[in-house]
Amino acid sequence: MTIRRIPGLARATLFATATSVAGLLGSAAHAVEIQYWQYFFDARIAAMEQLIEKFEAANPDITVKMTHFPYADYRTKVAAAVPAGEGPDVVQLFYGWLNDYVDAKLIQPLPADVFPVDRIDAEFFPMVQAMKEGDSYWALPTAVRSLALFYNERLMEEAGIDAPPATLDELVAAAQAMTKLDGAGNVTTVGLTAGMTAQDHHWLREVLVRQMGGEPYLDDYTKVNYDTEAGRKALDFYTGLASGTPPATSFGFMDEPQAAFKAGRAGMHIDGSFRIGALAEIRGLKWGVAELPAGPDGTKSNYSSYWVNAITTKAEGEKFDASVKFMEYIVSDEAMQLWLDVVGELPAKPSVGMTEKNANDPVFGPFIRGLEYAHTTKFVNESAQRDVLVQMVDKIILEGGDPAAALSEAAAAEQKIIDDAK
Amino acid sequence: MYKSLTIRQKQIVWAWGFLALPVLFYTVIRFYPTGNAILISFQNWNLLGTRTWAGFDNYIKLFNDPVFWKVFANTFKYLLIGTPLSLLISFIIAYHLDQLRFMHGFLRMLYFLPFMTSAVAMAWVWRWFYQPVPTGLFNNLLASVGIGQIAFLNSTTNALPAILAPAIWAGLGFQIIIFMAGLRSIPKSYYEAARIDGVGWWTILWEITLPLLKPTIVFIVVFSSIGFLRIFDHVFNMTTNNPGGPLNSTKPLVLMIYDTAFSSFDMGYAAAQTVVLFTVLLVVSLVQLRILRDK
């Protein structure tokens, strides 16, 4: 009995020693795991997987775990997880949500030693400065989006137009030339799509108002400033598109502007870079892209929006350090080029965007060149602020309302939304 | 302990044992969220930060919001047009279908089919029907016979009835089935007696059929009223670009709640609207039960 017990005991001791040694070794080589959250979109997931792989190869002591879920659940999940100490260390969020995330203490400022303000200011396209507060940035984008003019090559050719319009006057003339009417005068093909519910409210706000000599907002987007002569001119230009003979457009044509363009029933269409992928899949549609037309005095403007990456308040200690490293990587030139190639979203830095190859790319080029003069509206509630402009145009188009009065009402309504959000 | 109980007490223990599950379910899934929603309506909360007390602010804001009154009126338009119209149509169809023997089952299936169809799919198909030329079915038909275009959805006056039409159509199948069950439950002998007395069909309908259908009618009225007061899928899907538009002319209360909660993230204000909707549903249902029940 005793003889047999001793080896048993020895074995047990040995085993225990071995496991504790293994445990010690394990914790010495133990990798920090950080969580990255984004919403579900195939190409974005694929791009991020590649980025994580490259990052982990360069930083063997850090592992990044990506979680993604549908856009609709995004906000609620993040909001529930972070305060509970769960969820992401690095999170992707829409730039327009930044204030809510900051106020709710869900994210922390990026450390100024790694992301110094003056360097970021210099390296990124100017509209990224909307993410800056005082001596630090709250968040940074890997990729950005801007607007451009898509055109249908076949319809252009039919109408005898050899180059996409470069100015607003040329835009109207080209659109009128491409519009087709049936015997009863119903529009069957529009020269230019129009619909405030798509991207046109951005075009009106940040592009047309500026091109007519105005400034849509003052005091860091806290004061609505388009109820002016410039604003009235911009609105008249926009609603006037439907009233020429022949009209340049028809509001509500084929339900959605992008649907009309996809169906080959629209000569030109203003939309964001995120539309490229969907249009590339349409067989038989030959399209090109041009920069947005310049204003009467040559003013160029554009609107840019983006998703940003930020470090949450959950990340502390070594996880924070790892998160900073990961942030550095996903806003690097290499990451931006990969994101452009895989997702088709535009680089956020001129050093990547304005390379010979990217800036002259026939599809991405016009969008990227637009970033140099793009503005980013600091929305407090994008959908509500959009609705104000949608209703303004509806009042004029559907109810024959007075444009100047509709503009004043819209400006007052939007100011109220901004004030209420304070 | 259990052994010392009387049979009656044991029965009560068992009854509650079985009831515990639904009671627990309702408490967790229904009553707790309802109570919480009422609580949130007195608070400000954007889903992200902490909740702060707002007192009656959300209700005062609601009272002074012109959009709310517009939406409130729309909601009652859906109810006041939708309920009587669907009741009338479904009764006429059920009455005639009941007397029909030829292809009865097939026709009943045809009427019931829309009820089983996804509201989202149906709304999108109708949305395309309503488009102007060159895409819209209705306007293309009009154009082919030389009649001018009708702006169905792109009009502040036509949009609400245009959205209501498929919603009524979708609910018909269910109401027809209920009506037919009600008609079948009326004893044949009443009709035979009436016919022997030489009474006309109108009198039979008015004096026998309708009075005996009263419980059925009460059920359908209450049920469809709640449905129209809570209309959402059809409106949302037919106006996704500009939900509830143009100019809020089709926006029902549920859509306003959805917008406030999940685009504006103003949970307190949305909860206040929910409490109002809950109250409206409660009052309308109680009033209808009251009016239609006693003679």
Next item on the list: For the stretch A:176-333, restrict the atom set to alpha-carbon positions and state the Rg and Dmax in Å.
Entry: 20.5, 73
Next item on the list: Over all directions, average the projected area of the Cα convex hull of the stretch B:62-128 and note it in nm².
Entry: 6.6
Note to self: Can you list residues from other chains, or at least 5 along the same chain, whose modelled amide H is less than 5 Å from the amide H of A:Thr167?
What the structure shows: A:Ala294
Note to self: I'd like the Karplus ³J(HN,Hα) series for the stretch A:294-310: coefficients 6.51, -1.76, 1.60, θ = phi - 60°, whole numbers in Hz, and an x wherever there's a Gly or Pro.
What the structure shows: 7, x, x, 9, x, 5, 10, 8, 7, 10, 10, 10, 6, 9, 10, 10, 9
Note to self: Based on the alpha-carbon set only, what is the convex hull volume of the stretch A:299-419 divided per residue, in Å³?
What the structure shows: 167
Check: So what's the net charge close to B:Leu160: Lys and Arg +1, Asp and Glu -1, counting the other residues with Cβ under 10 Å from its Cβ?
Finding: +2
Notebook entry, point to check: Sorted from fewest to most neighbouring beta carbons within 10 Å, what does the list B:His96, B:His234 look like?
Noted result: B:His96, B:His234
Check: Order of A:Thr142, A:Thr222 from fewest to most other C-beta atoms within 10 Å?
Finding: A:Thr222, A:Thr142
Check: When Lys and Arg each count +1 and Asp and Glu each count -1, what net charge do the other residues less than 14 Å away from A:Lys319, Cβ to Cβ, add up to?
Finding: -4
Check: Taking R0 as 41 Å, what's the FRET efficiency between A:Asp333 and B:Asn64 from their Cβ-Cβ distance, rounded to 0.05?
Finding: 0.20
Notebook entry, point to check: Which percent, nearest 5, of DSSP beta bridges in the protein assembly as shown are antiparallel?
Noted result: 65
Next item on the list: Enter the angle in degrees (range 0 to 90, nearest 10) between the Cα long axis of helix A:168-178 and the first principal axis of the Cα atoms of chain A, meaning the one along which they spread out most.
Entry: 80
Note to self: Order these by the 10 Å Cβ neighbour count, fewest first: B:Met1, A:Met254.
What the structure shows: B:Met1, A:Met254
Next item on the list: Anything in chain B that counts as a DSSP H helix reaching 24 Å or more along its axis (C-alpha) with Kyte-Doolittle mean of at least 0.0? List them, would you?
Entry: B:7-26, B:66-99, B:159-184, B:267-293
Notebook entry, point to check: What angle, in degrees between 0 and 90 and rounded to the nearest 10, separates the Cα long axis of helix A:403-421 from the longest principal axis of the Cα atoms of chain A?
Noted result: 20
Note to self: How tilted is helix A:317-330 with respect to the longest principal axis of chain A? Cα atoms for both, answer in degrees (0 to 90, nearest 10).
What the structure shows: 40
Notebook entry, point to check: Residue-wise, which Karplus ³J(HN,Hα) couplings in Hz belong to the stretch A:240-248, taking 6.51 cos²θ - 1.76 cosθ + 1.60, θ = phi - 60°, and x for glycine or proline?
Noted result: x, 4, 8, 10, x, 10, x, x, 7
Next item on the list: Just flag the chymotrypsin sites (Phe, Trp or Tyr not before Pro) in the stretch B:97-180 sitting in loop per DSSP whose Cβ has no more than 14 other Cβ atoms within 10 Å.
Entry: B:Phe102
Check: Could you work out the helix-only [θ] at 222 nm for chain A, with each DSSP H run of four or more residues adding -39,500 (n - 2.57) and the total divided by the number of residues, to the nearest 500 deg cm²/dmol?
Finding: -13000 deg cm²/dmol
Check: What GluC sites (Glu not before Pro) in the stretch A:22-115 are in a loop by DSSP, with at most 16 other Cβ atoms within 10 Å of the Cβ?
Finding: A:Glu86
Notebook entry, point to check: Which log10 I(q)/I(0) values, to two decimals, does chain A give at q = 0.06, 0.09, 0.13 Å⁻¹ under the Debye formula with one point per Cα?
Noted result: -0.31, -0.62, -1.16
Check: What distance in nm separates the simple spin-label points at B:Leu282 and A:Glu49, each placed 7 Å from Cα in the Cβ direction?
Finding: 5.1
Notebook entry, point to check: Which three semi-axes in whole Å describe the equivalent ellipsoid of the stretch A:163-233, each the square root of 5 times a Cα gyration tensor eigenvalue, listed largest first?
Noted result: 30, 14, 10
Note to self: What whole-number distance in Å separates the alpha-carbon centres of the stretch B:88-125 and the stretch B:154-229?
What the structure shows: 13
Notebook entry, point to check: In whole Å, what is the distance between the alpha-carbon centres of the stretch A:114-183 and the stretch A:262-329?
Noted result: 9
Next item on the list: For the protein assembly as shown, take the alpha-carbon Rg, divide it by the Kirkwood Rh, and send me Rg/Rh.
Entry: 1.06
Check: In the stretch A:290-334, which GluC sites (Glu not before Pro) are in a loop and have at most 13 other Cβ atoms within 10 Å, using DSSP for the loop call?
Finding: A:Glu316
Note to self: I need the calculated FRET efficiency for the pair A:Glu318 and B:Tyr32, taking r as the beta carbon distance and R₀ as 51 Å, to the nearest 0.05.
What the structure shows: 0.80
Checklist line | Computed log₁₀ I(q)/I(0) - Debye formula, equal Cα scatterers, no solvent, the stretch B:187-263, q 0.15 Å⁻¹ | finding: -0.64
Check: Regarding the stretch A:257-352, what is the average projected area of its C-alpha convex hull, in nm²?
Finding: 9.3
Next item on the list: Could you work out how far apart the two model spin labels at B:Ser185 and B:Phe115 are, taking each label as a point 7 Å from the Cα in the direction of the beta carbon, and quote it in nm?
Entry: 1.5
Note to self: Could you check the spin-label model distance between A:Lys378 and B:Glu207? Points 7 Å from the Cα along Cα→Cβ, value in nm.
What the structure shows: 7.9
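Computed from the coordinates by the stated procedures, all read-outs in this text should not be read as laboratory data. Bear in mind the structure is a predicted one, so any value in this text is a computation, not a measurement. We place every Cβ from the backbone using ideal geometry, glycine too, and count neighbours over all the protein chains shown.
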